[in-house]
Amino acid sequence: MTSRQLTVDLAVVGTGVAGLTAALRAAELGLRVVAVTKTAVGDCNTRWAQGGVAVVLPGTGDSVDAHVADTLAAGAGLCDEVAVREILAAGPAAVSALRDCGAVFDGDAGDLERTREGGHRAFRVVHAGGDATGAEIERALVGAARDGRLPLVEGQSVTDVLRDDTGRVAGLALLGDGCGAGVLRARAVLLATGGLGRLYAVSTNADGATGDGLALALRAGAMTADLEFVQFHPTVLYVGAGARGRQPLVTEAIRGEGAVLLDTTGFPVMTGVHPLGALAPRDVVAAAITTRMAQTGTDHVLLDATRLGGAVLRHRFPTVHAACMACGVDPARVPIPVAPAAHYQCGGVVTDTSGRTTVPGLYAAGELARTGLHGANRLASNSLLEGLVMGARAAVAVAADLAVSPRPGPPLPPRERYPVADRDAVRHSMSAYAGIGRDAAGLAAASAVARATTRRRLRTPRDAEDAGLTLAAAAVLAAASARTESRGCHLRTDHPRAAVRWRRSITVMLDAEGVPMVAQPMPVGGVA
Ligand code: SIN
């Protein structure tokens, strides 16, 4: 173990929208900050976000109340209404700050263009580059970070959040290819590592979305909640049964602009399913597609966007158009084959609306954090907004907390060995048993795979990732096994209905042996 010889006020882990927003704001507030990523800066889920940012703009006839109502309806009874209102009300200022930082949205010269996505009853999703919103946000934030000479440490995996002998956060244990293990001392750590879509064999997520932050937070003693709610995006380009890894998204905004969902016999999938039809909340659409695929004995359905015409598809949806054309599908002429795939982690590390976790000195923001905004099913395009709002708020909270907190003592050494399961076996069993339609037997089988571990020293970044995904999968499975009802993204074939007694969040922490255990159920409204 070598020391990286650096002591900072704040170490931010992750360089997506939440991480970079936090790091930039922390630097503005005068904190010594460093942003660490296991890959290259910008190589994360933010880049792949298409649809946009859901935000209520002045003068549009929309209201925060209406946005709150849509978010609560999508969240299926598990949102924290206070957090929802606080985060959504902060949206317009967060989008302005992002535009000040250089992000250019469509219609920027006048009124921003707005579209609709699943679960929204108003046109309130602003977008950039047509369907390349995440890429534009990432471009602006990375540009600002580089212009401001924000220290960016690439290619360093974090194996542990280190604490001192009082339990306060004191730094990070790092592991880099070619430079071995080391310690970065920090008075505060903000985890913004994104989600865990890559626990599944097929996902819309970047390679690195393997649940690292969830594992780090759990090992540091943090409380997590709502982990069973893994959102599947209903329309991911279907390129064949053998597809593995990240698959191209086909944004919901295409449905917002008039594309329709058909089964392979040409029958509309959403007829009679929900009053919002093809723009129902995402969990409803993904479940309806899954049911229809089972009924028709196929592994995909069709998204017919031909009525939009070639020019609109090329200019308004250039990313989707290019992905389809690369697979030999001209969306102006033929319907696009699509199927649901793992997309978003609705739960995560429990935080307040300033990003504080239950561990002193540890903060979380973005997809990894469970603020109470998403409940059992995230409303489309609320996530980039949450990353912007919560990244900035967490930085402010760190600055305020450090002004009155004692300095941490020397970090205790990281553990020597970590339980690691076989990543391909974990992915296979998560896909087979923890997707849309789960039951007790399947969840038990998947848990057995995630718990068939050997205790290993972590010698390479890939080892670190394997240890993280093993623990993250076990934690998701513990929560999914405990929730014996269906709600939001958690669809149990053996408990097909929602139950009033389950209108509460399930929290997961590690027991003394480091095994995820379902801890206290949490009432709607958040941590007491
Ligand atoms: C999409 O564009 O359909 C995805 C947006 C999101 O996940 O919020």
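Assorted remarks:
- From most to least packed by mean Cβ count within 10 Å, the peptides 452-461, 293-302 give 293-302, 452-461.
- Shape of the stretch 76-150, Cα gyration tensor, a/c cut at 1.5: oblate
- Derived from the Cα gyration tensor, the three semi-axes of the equivalent ellipsoid of the stretch 293-377 are 39, 18, 10 Å, largest first.
- 5 angstrom amide H check on Ala186, placed H, neighbours 5+ away: Val8, Gly171, Leu172
- With distances taken between every two different alpha-carbon atoms, the stretch 237-326 has a Kirkwood hydrodynamic radius of 13.9 Å.
- For the stretch 48-119, pairs of C-alpha atoms spaced more than 20 angstrom apart make up 34 percent of the total.
- The Stokes-Einstein estimate for the stretch 319-439, based on a Kirkwood radius over Cα pairs and taken at 4 °C with 1.567 mPa s viscosity, is a diffusion coefficient of 70 µm²/s.
- Kirkwood radius, the chain, all distinct C-alpha pairs, inverse of mean reciprocal distance: 22.8 Å.
- Around Arg187: net Lys/Arg minus Asp/Glu count, Cβ-Cβ under 10 Å: +2
- Rg over Rh, two decimals, the stretch 164-224 (C-alpha only, Kirkwood Rh): 1.03
- P(r) tail, the stretch 233-284: Cα-Cα pairs separated by more than 18 Å, 36% of all pairs.
- Inter-probe distance in nm under a simple model that places probes 7 Å from Cα toward Cβ, at Arg501 and Glu81: 2.5
- Note on the stretch 375-487: Cα convex hull, mean projected area over all directions, 10.4 nm².
- Helix 133-147 axis, angle to the chain major axis (alpha carbon atoms, nearest 10°): 30
- In a DSSP loop and with at most 12 other Cβ atoms within 10 Å, the GluC sites (Glu not before Pro) in the stretch 458-513 are Glu513.
- All-pairs alpha carbon distance profile, the stretch 176-289, 5 Å steps from 0, percent: 2, 9, 14, 17, 15, 13, 10, 7, 5, 3, 3, 1
- The packing ranking, built from the mean of other Cβ atoms within 10 Å per residue, places the peptides 495-504, 377-386, 312-321, 33-42 in the order 377-386, 33-42, 312-321, 495-504, highest first.
- Column: log10 I(q)/I(0), Debye, Cα scatterers of the stretch 194-246, q = 0.15 Å⁻¹: -0.49
- In terms of packing, defined here as the mean over residues of other Cβ atoms within 10 angstrom, the peptides 505-512, 107-114, 70-77 line up highest first as 70-77, 505-512, 107-114.
Read-outs: derived from the displayed coordinates by stated rules, not from any lab. Everything quoted here is computed from the prediction, not taken from an experiment. We place every Cβ from the backbone using ideal geometry, glycine too, and count neighbours over all the protein chains shown.
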